[in-house]
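What follows draws every value from the coordinates through simple rules; no lab data is involved. Predicted, not measured: the structure shown is a model, and the values here were computed from it. With ideal geometry, Cβ positions are generated from the backbone for all residues, glycine too; neighbour counts draw on all protein chains shown.
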Amino acid sequence: MIRRRFAAGAEDRARGALLGLAVGDALGAALEWLSPDQIAARYGGPLRDMVASQTWKRGEWTDDTAMALQLAESLDERDGFDLDDVFARYAVWARGGPKDIGTTVASSLLHARTAAGAQAAAVEWHRRSGGMTAGNGSLMRTVPIALRYARDRERLVDASRRDSALTHHDPLAADACVWLNEVVAALVRGREPPALAGQAADAAASARVTPPDRLLAEAHSALGFVLTALRVGAHAAFEHDGFEPAIVFAANLGGDADTNAAVAGALAGARFGAAAIPQRWLEPLRERDRIAGLAERLLARA
């Protein structure tokens, strides 16, 4: 079989996507649930460096990256999306006492024995919560799918939706995952982001022209909503001229800062490449070699 190689720079952009997610997650972890005024009072202005917080060590990432790495390792070791294997890895992680796990994610993973059981639990949680399951808990982990299926849109879309449905029954969460992965895959390949349709795509497009003060309001009025993370990430990654200003902007809005900055980091990393990530952020990053290696292997399998 003849395998076409990716254009020069694709490997750097793939590393950028996964490292960017982890860097945004780790920087934002110290700012979670804070307002900009609280951030300024605590740090003397916007936070621009990795710091420890009450919960997280310097350079340590949260459940966002932890779940993304479980997904990445499954995609690598199983050479594709294996729903049962992905569920098993998520479930082992969830039951291992992580420092942080979202309510919607926990409701599906902590008691189910199978992927089908997790999906059924997600449906039941959707019913019990009054349909409030369009959270960002599947969006935060989905980027490895973009790397593994960078050349296969059909499988990218299918895997994105199936992975999201393990924990989030609302199709809007899955739509956001599809948008993010299609855009990251295009950027990694050195292409312009595709013109996509749907509510998630419209929300991301409108974010490009949304004033920062309105995004700030959304970041605190719609905490954890999947479109909040998507809109903050899209604005940060495409309305700033480098990786660092994009992540500083997203994280310092506060609110669900780790996830918002993780989404921004994945997009900005795919756009600007790993070489654009500041060394002062990479040096303390937990397991950075593992993360970069997984990105390279997933792209190679694409």
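Here are the numbers for the structure shown:
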{"read-out": "Additional length obtainable on full extension of the chain from Gln199 to Thr103, 0.36 nm per residue less Cα span", "value": "32.1 nm"}
{"read-out": "Fluctuation leader among Tyr90, Tyr149, Tyr43 - the chain, Gaussian network, Cα springs under 10 angstrom", "value": "Tyr43"}
{"read-out": "Residue exposure sequence - Met67, Met132 - by fewest surrounding Cβ within 10 Å", "value": "Met132, Met67"}
{"read-out": "Estimated FRET transfer efficiency when R0 is 25 angstrom, pair His111-Asp82 (beta carbons, to 0.05)", "value": "0.70"}
{"read-out": "Cα gyration tensor category, rounded, prolate or oblate, for region 119-190 with a/c compared to 1.5", "value": "prolate"}
{"read-out": "Computed over region 186-289: relative contact order in percent, which uses C-alpha pairs under 8 Å that are six or more apart", "value": "24 percent"}
{"read-out": "Taking region 122-249 and dividing mean pair separation by its residue count, relative contact order in percent (alpha carbons under 8 Å, at least six apart)", "value": "24 percent"}
{"read-out": "Theoretical gain in end-to-end length, Ala40 to Arg58 [0.36 nm per residue, Cα-Cα removed]", "value": "4.6 nm"}
{"read-out": "Rounded to whole Hz, the Karplus (6.51, -1.76, 1.60) HN-Hα couplings of region 127-138, x for glycine and proline", "value": "5, 5, 8, x, x, 9, 10, 8, x, 9, x, 8"}
{"read-out": "Whole-Å distance, taken between Cα centres, linking region 255-302 and region 181-231", "value": "18 Å"}
{"read-out": "Dipole axis of region 69-162 (+1 Lys, Arg; -1 Asp, Glu on Cβ), positive-most option in Ala91, Leu110, Gly130", "value": "Gly130"}
{"read-out": "Relative contact order (percent, whole number), region 1-149, Cα cutoff 8 Å, 6+ residue spacing", "value": "22 percent"}
{"read-out": "Structure-based [θ]222 nm, the chain - -39500 (n - 2.57) summed over DSSP H runs of at least 4, per residue, nearest 500", "value": "-19500 deg cm²/dmol"}
{"read-out": "Whether region 53-123 is rounded, prolate or oblate, judged on the alpha carbon gyration tensor where a/c under 1.5 counts as rounded", "value": "oblate"}
{"read-out": "Diffusion constant of region 144-302 at 37 °C, which comes from Stokes-Einstein with the Kirkwood Cα-pair radius and 0.692 mPa s, µm²/s", "value": "207 µm²/s"}
{"read-out": "Residues Asp12, Asp202 arranged by fewest to most Cβ contacts within 10 Å", "value": "Asp202, Asp12"}
{"read-out": "Selection from Ala205, Ala186, Ala229, by position along the positive dipole direction of region 147-244 (Cβ)", "value": "Ala186"}
{"read-out": "Three-way shape call for the chain based on the alpha-carbon gyration tensor, with the a/c threshold at 1.5", "value": "rounded"}
